[in-house]
Structures are given as structure tokens and as C-alpha cells.
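I have placed the structure first, in the form of C-alpha cells, so that the comments after it can refer back to it.
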């Protein structure tokens, strides 16, 4: 069974470190997405797994076998390239069968697999065409077909949808996901598009600067980002991150006088960032976060309000067509459970102990009654959350 | 310098162009520029404009092309052997028609007859000898001494040339020759040096009218057999085609102890040979002999005034004094006996005796091979010679083919 | 005025300068050459007269030199074209790899192309010189006999061919290199993933993708092979006994040494016919088998 294990995988290019010791386990049959901004090491990781590049140190195990020193063709995997890497002078059928011919698969078997792949991907009419005669989506399907005729159970994809238009991209996401389930493949999929990652993955591996920032299921990544970076990378628009400062009553958003968002016990506090998802904020008649609307971003089903809070930009996603006009003042409220705190120094999440939850709504400075039961005033005692699994570069 | 030209008064300024076969920037250009300047200054109403046109081949190409384009130069220095070509194209004026005065006729009679032969067609003279040469034998005195030969005595006959050559040919331990006895270059235009051999064998290669050749004469065959035998039989000369251009280099580097080449190389050898060398007439056989070579001055058709002005310049250029000056500066053979009588030339000859070898050989010299369709005919001949030299054909067969082909080419002119 | 007429007029005006140049310097000379080949050469003292196809008959029956230069030229093309293209391809594949000193290698391979042919010929003249020439010195080191490369009929043409291959290969390499660099690296990776060896990849993927370049290079090489003249002039003068003479060199001799311009015109017509035939054949036959991106 193709379980993929990376053990202290490191890749350096001269002075530059592209991958700084990755430890990762991708379960058999999982749809794993390597997510991150460009230069984060996700493609390098994929190429190392494929064997197109050689690790500086560390091991790669596929299905329990150490394949680190094996050539690509002997690792039992297939791959779909960002530009599809179709051979322009070969027909669709020849492209799909290229690898089988190289491997001297008997022709009857080749025909069977070709028919199956063409059938699965709806390429039956296109087999005689050349890649240049196909649309982008069709080329994508040919690349997929070429990956699946190999019948390897591990498939790697390097930003396969980045060259397609938005509508086609959504369709193909669905199709690839279904293909992976139907063929029971383990998939490692590289993308920089967090929406793609959330919608497709069983397991999202968020990377940054050659390290894993967070390795979690999509829901967890979204709901409980382990770091400020994870918080800011995921979500449309991403989580608001606002600096906090101490005031007489507790912590408030820097540059504002209230409301108090967390109590302090007076001890020395590290600098903190407050994280709130835009959709957690709702306008409220009563007291809340006093903001000034500076702009509106109408998106149909909802509207993103661009607001100013103490000189910081705060985004709020509200349903439908918002009535607020730029320049108007609003109170935005949320529940305490929607608040996340991150260390400003290293970006890690800080857990607030909210053991003592009374029903007094004062902490949030008058967060409204409908939130009362959730928006409890924590009496926090500050401590850092346990560090997320982040193996150091020298762990291998 | 003598002042012959007497320019008529109040003549409009005449600009006469002269195509001269030398690459721009060579040392010769400075000499010609100087002559043109001197003449232009001392002759009212006439300016000489020399145009330097590269090799002889480039020069005739440019001159013929310019003529066909309707814009020919007034004068050109071209190979004497191309006289027929220029005559057939009706490009040139007969010098003997222009030179009508007694003074002018005397001037024409002053040249060595051997140099006038190539310029004569239909009993008229078409070119004035100027940049002329003849092949001579150069020998390495040190190599002669090392081989036990008298360093002061060059071979005087064909037999001696072979005999000396054998003594001069040296081999290394592997049997490869390190020094050959003699080198007669055969690339490009082998007919010229070969004509030395035919002349020595007392046979003339073409008729005066330039429409018949004599390539398959038994005496020509005999001469070619001798040339081929030098390498094939006697082993005193390198096999196959010997490059004309690198032969002096071979001589300087001791790869050959003797070489046949033009007197035009005299200055080159004098400056570059790292050993004592001698210059001699070519070895004799039935008789002594050598062809002449080099270029004549031609006047192209224009109008009588320009043609006469050109003739005046040419007469000035070939005064004995100017010939002597030219010969001393370049190494070309002065073309009239009077030039050799000038004090400058006398002094030069006594200082550098090899310079007189060429002059002395003129007595035995004949016209260079020249016919109608000259380049085509000589090419046929060259091809035949090279075929025999490289062993592609027997001398007699090669020459028979060349004779047949040449006579076919010349058929329209008979 | 009629708008369409104006547009048409405008279009003609735009192509006019190019048309004038083409007609004056290409079409008219071609037609004039063809026409001249039916006449004898006019000399100053004898006018041209109509000969019909006499010149062409003469080539076949009366001109052994012509037959020899045609044979030489075909041999020259047959040897130098595949050799220079093959070497160019190998060099391009070689310097396209990531290797130390790649830039230097590329430059070294390309240098012969930058040299003027006459300069190149002079360098090789020195290599070939009997005795003190480089090649003969190397042969002497191994105790071999002296070879007169340019002076013997057996070696002259081959020696001239070697110079031409040496010079052309670098030129063609540049085209191959450009074409190779336009092949995305992912194709090689895809092939590698499928288990294709380097050789298989080159044979099945690279060569077919280079076919448009190969056709271009081939057309150029053929045209080049039939219009070589500079290094023949500089190195052998066609000798010994026409052993290294090629068609264009013979045309040059006939036209500018023998001044038989109308026979040279007839020879030029033959050369043109050969070039046109070969080019048409190449483009029509090969084009069908070529994938253009």
C-alpha cells in the first residue's frame, strides 16, 4: 500500500536551503495537498518524491520501501506536470501509451488500458489528435490519462489546474478528486491555491520557507490555524490579524480604547496578535468593535466590509447586500470562540485558558446579547500552546 | 628624373586612372603613389589616379567588368599573357599605333625583345613591359657545403640538377625525407616554370598568332617526363603538387636545398633566408632557357586625347631612370638595356650581383605561354601537367588530352 | 474614390520597395541568365550568336571538367551535409546539458562559424602544409609518412570537405541549440518517469521535435554545399587537375577567368535547377513528416 513517508528530507542548492528537513507521513489512499506560497518548497518536495531531483539528505519511503536512491521510473508512481508535458508530435493515444511502450507492455494490454483511460476521461473521440488541437481542459485530461494508464497507485500532481480558467478549474477539481477515489490512488497534489486545497484534500500540508507550517485536515487548518501564517494564508478573505496592547482593563486592539478582548493578570505579556475570521464578525446595534466602514466589496451572496479599527484594516463578511455605506460607523460583534491569539514574535498560536466562563458580557465590551452564552469573559492565564510538530532542520 | 611629357597649354584638366595589381596598403602602393604624384605635379593639366586592385586576377576581373559596364580605366597593369584576351574583347589600343613620332618609335625599340614578344599580335605592339620577371634557381650554399658540393657552383644542366639533388636529399632514420634536393612548385600555374623546362628542351609551346599550341610535341613530353621523374624516379623532389606560396618557406626552413621561383622573390629571400644563398639561371638542357613573366602596361580605348596623355605617362614611367628606380625598389627586372646602364642600377648590381642573373637570362628567354582564350587554354595545360605530376595520367597521355582540348578551344580563332 | 481600390493600391504601394529590389536583383538576373545561356559569348571583336541548346549539349558531351565538378560536388554534398549536421546535433546535445564550462564549449564550437571562410581556409592551409604543417608534424610524431593533403588528387577534395564540416557544424549547432532550448524540460522528466532511457528520449522525442530545424538546416546545408567557392579559391584553386573543383568554382572560372559569360550562364542555370529541385523535394517530401509546433 502506497503510504509515503518523508524522513528529514533536505534539499540545498548551494547556499540556499529549499527544504529544511521535512518529516511527513501521507496515509495510503489519502489525497494530500502540499500548499504554500511560491518558493515554500512544495514543488521541491514533489520532485524529490518523484525522483526528478536528488535530496541533499533524508530518506523517502513509498509503501515501506526506501526509494531515495531509485530512478523515477522505479518508484511506482505517475505524475502530472503543470504544463502537462505532452509530447507535441505524438497523438493523444501515443502520448497516453508512451510509457507502456517504453515498458514493453504487450499490445493487447496496452489497448485495454488505453480504452479504459479514454473511457474514464472521455477522450474517446480525441485519440487521433495532436495536443495542439486540444483545448486546455482536454490536454489536462490527456495528462491525467497518461498518469492513470501506468496504473501506479501513487500519483503526483504539480499545480495541474493553474493553466485553466476558473470554471474549468472547478470542474476539474471535482473530477480529479473523484478519479482519485475511484481508482483508490494515493495522491500528492501541489498547489498554491488554498481554496483548491481545502476543497480537495484529506490532508493539507501547509509549507513555508522549506518547512511544514501545519499538517492537518482542511477543517482543522481552517478552524484552528496553528500559526498566524496559516491563519493569514487560508480563507477568502483570510483571517484578520490585529495587534493587541494592554490597557487598564485588559488587552485591546492596539490604538483603540476598547473593548477589552482578554483579561490580563498583570504579569508581563508577550506581544500578541488577535485573529478573527471575517465571517465571524457581524454588525450589531449594541456595543461591539467600533469600526468605520471604508470600502465595500460586493460578492453576490455576501459583502466584504472593509473597515478601519484603530488604524488597522478589519474585514467583515456579511450576508447579502450590506446597507452600510463607506464612512458609516458600525459596531461589529463576534463570539469568544471565534477569537484566536498568536504570538507576535514567532506567530505561534497562544491558547487562552477560558476556564472561568461567567455569563457577563463585559470582556468584549458589550458584545451583544445574542452572543452572550458564547462570548464569555475568560479570565485568562497566559501560556503558549504546545508547539506544533515542527522538526528542526537537523532532526534527520 | 627625365622630363619627357610636354603638355599642350590650356588643356582641360585630365584625370587618368591606372588600375594597378597590388593590394591596398602594400609597400608597392607607396612607390606608385610617388610616381603618380611626381608626374601629376610636373605635368600641367594631367592628374594620375592609381587604383589598387588586388591580385592580377582581381585586376583583370575588375578591369574587364568596368569596361563592359562602360567605365573603363585609362590604363591598367595586367598580365602580359592576357594580351589576347584584352585584344579579343577589343579593350586596348595598339601602342605601336599611338607611338608615331620618331622619338616614340625609338622608345618602343629600347626594350628587351624577349619582353615585347607577349605583347605583339598582328605585327602590332599592345602592351609596354613594366612589372616583369623571370624564374631563376635559388640554392642554399650551406646545404651544398654540408652535402660535399662546391657551395659556389649551382647545377648547370638537367643531369647535374638530378645528381646534385640526390646528394642533397636527406632522410631521417624512419626513411622520411627531411631535405629535398630541389623544389619546382606546381600549384596554381605550373605551366610557367614548366615552360622553363620546355624552352631548355628547345621547343616552343604556341604559335605567334596564339591560335595553335604544341603541347603534345615529343620534346614537351620529354620535359614533363623529366619533371615527373624528379620525384617519382629520382626522389629529389617532393611528390604531388608543390605549393607555390609556401616554397620560399620550405627553402628558408631547409626542407629543400634548391628552388625554382620568380626573381620577384629576390628581396623576400634576401631578407629571410637564414643562410648564404646563391641565384643562378635555370639549368640548361638542349639549350639554356626560361619564360618571361609578369605584367605589361595597357592603354584602354577612350578618346585620342586621353590615349595620347596615357602614352605620355607610360613613356615617362619607363624612362631608364624610372625603370632603374622601380627595379631597385621592387626586385622586378628592369625592362630595357638602357636602364641597366644608369648609375643607380650599376651601383645596385655591383652591390647585389644576384640582381643581374635575371637580366643575363633574358638573352635566352622566350615569350610566356599566351593564346587566345588564354586562361582557359593554360588551365587545360595546367590540368594536364598536374594530372601527370600526381600520377593520375602518363605524361604523353595527359599532354595529348590537353592538346586536343586546347586546339578545340582555339578552333574559332584559326 | 472606390474604397476597395484604394486599399488595393495601398497594399501594392507597401510591397513596392521589396518588389522593386526583388525584381531588379533576383528575378531579372535569373531570367537574363537563362536567356544568355542560349547565345555564344560576345567578344569585342566577335558578336554573340544564337546557339540554342548547344551549351547544354557541350556540358554533357564535350566538357569532362563539368562532369567532374558535378561529381565532385555531389560527393561533397553527400559527405559534408550529413557529417556536419550529425556533428552539429551531437555538439548541441552535448552543450545543452548542464555541465561545467558549458559557455566556453559553446563558444569554442561556434568560433569557426564566426571566422570568414578565407581566414579559416588560411588556418587550414597551415594545418595541411606538407612538412612543417600541423597535421604532418603530428603524423611525423607517430612516424608516419608525409602527406601532401592539398597537393594530391586522392586527398585534396577530402581535405577541403573537412574544412567545410569544421566550419558548418558550429553554425548548424546554434540552430539546434536554440531548438533544444525551446523543448520544455518537463518533457524529459515525463519521459524519465515513464522509464525512457536518454537514448530513447532523444530518438523518440527530441529528434522528431527537431525535425523543423533539421529541415531548415538541411536546406541551408544543401544550398551551402553548392555555393562553396571561397575556401576552394584560397586552398586549392580547384586543383590538382580539378580534383577539388566544385560547380560554383567552375562557374566562377568560366565567367571571370575565361570570360565565357554565356557558358557560365548555362552552368548557372544547371546549378539553379539542381538547387530548386533539391529544395522542392526537401520541402515537399520532408514537410509531410515534420511536426511544427
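Please treat every number below as a calculation from the coordinates, not as lab data. This is a predicted model, so every value here is computed, not measured. So basically every Cβ, Gly included, is an ideal-geometry build from the backbone, and we count neighbours across all protein chains shown.
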| task | Just tell me how shielded C:41-48 is by partners: mean number of partner chain Cβ atoms within 10 Å of each residue's Cβ, no decimals. | result | 4
| With all pairs of different alpha carbon atoms counted, what Kirkwood hydrodynamic radius in Å does chain A show? | 23.6 Å
| query | Just how far, in whole angstrom, is the stretch C:241-280 from the stretch B:88-114 if you go by their alpha carbon centroids? | reply | 39 Å
| remark: Residues C:164, B:187, C:197 in order from fewest to most other beta-carbon atoms within 10 Å are C:197, B:187, C:164
| query | So how do B:335-342, A:68-75 stack up, highest first, on mean other-Cβ count within 10 Å? | reply | B:335-342, A:68-75
| request: Under 1.5 on a/c is rounded, so check that first for the stretch B:291-373, then, if it is not, pick prolate when a/b is larger than b/c and oblate when it is not; a ≥ b ≥ c are the square roots of the alpha carbon gyration tensor eigenvalues. | output: oblate
| query | Convex hull over the Cα atoms of the stretch A:58-142, averaged projected area in nm²? | reply | 6.9 nm²
| note | So the angle from the long Cα axis of helix A:92-102 to the longest Cα principal axis of chain A, reported in degrees to the nearest 10, equals 70 degrees
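Take every DSSP beta bridge with both residues inside chain B and express the antiparallel ones as a percent of the total, to the nearest 5.
About 65 percent, rounded to the nearest 5.
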| Where Rh is the Kirkwood radius over the Cα pairs of chain B, the temperature 4 °C and the viscosity 1.567 mPa s, what D in µm²/s does Stokes-Einstein return? | 58 µm²/s
| request: Would you calculate the separation in nanometres between label points at residue C:158 and residue A:128, each defined as 7 Å from the Cα along the Cα-to-beta-carbon direction? | output: 5.1 nm
| field | Descending semi-axes in Å of the stretch B:106-245, equivalent ellipsoid built from Cα gyration tensor | value | 35, 18, 13
| task | Determine the shielding of peptide A:142-155 by partner chains: average, over its residues, the number of Cβ atoms on other chains within 10 angstrom of each Cβ. | result | 1
| said: Rounded to the nearest 5, what % of DSSP beta bridges with both residues in the protein assembly as shown are antiparallel? | reply: 70 percent
| request: Compute the Cα gyration tensor for the stretch B:235-383, then decide on rounded, prolate or oblate, letting a ≥ b ≥ c be the square roots of its eigenvalues: rounded whenever a/c is under 1.5, prolate when a/b is larger than b/c in the other cases, and oblate in all that remain. | output: oblate
| request: Compute the acute angle (0 to 90°) between the alpha-carbon long axis of helix B:218-232 and the principal axis of greatest extent of the alpha-carbon atoms of chain B; round to the nearest 10°. | output: 60 degrees
| Suppose R0 equals 45 Å; then what is the FRET efficiency for residue A:298 and residue C:98 from their Cβ-Cβ distance, rounded to the nearest 0.05? | 0.30
| task | For the stretch A:204-310, restrict the atom set to alpha-carbon positions and state the Rg and Dmax in Å. | result | 15.9, 46
| field | Range of Cα positions in the protein assembly as shown per principal axis (Å), largest first | value | 143, 74, 65
| remark: One would report the antiparallel percent of DSSP beta bridges in the stretch A:4-224, rounded to the nearest 5, as 55 percent
| task | At q = 0.15, 0.17, 0.29 Å⁻¹, work out log10 I(q)/I(0) for the stretch C:233-293 with the Debye formula, treating every Cα as an identical point scatterer and leaving solvent out; two decimals please. | result | -0.60, -0.68, -1.11
| query | What angle, in degrees between 0 and 90 and rounded to the nearest 10, separates the Cα long axis of helix B:374-389 from the longest principal axis of the Cα atoms of chain B? | reply | 10 degrees
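Within 10 Å of each Cβ of C:148-155, how many other protein chain Cβ atoms are there on average?
Counting other chains' Cβ atoms within 10 Å and averaging over C:148-155 gives 6.
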| query | If eta is 0.890 mPa s and T is 25 °C, what Stokes-Einstein diffusion coefficient results for the stretch A:4-224, Kirkwood Rh from Cα pairs, in µm²/s? | reply | 138 µm²/s
| note | Proxy exposure order for B:401, C:284, C:254 (fewest C-beta within 10 Å first) is C:284, B:401, C:254
| For peptides C:174-183, B:98-107, A:204-213, sequence by mean Cβ density within 10 Å, most packed first | A:204-213, C:174-183, B:98-107
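For chain C, what does the alpha-carbon gyration tensor say about shape, rounded, prolate or oblate, given a ≥ b ≥ c as the root eigenvalues, a/c under 1.5 as rounded, and a/b over b/c as prolate?
oblate
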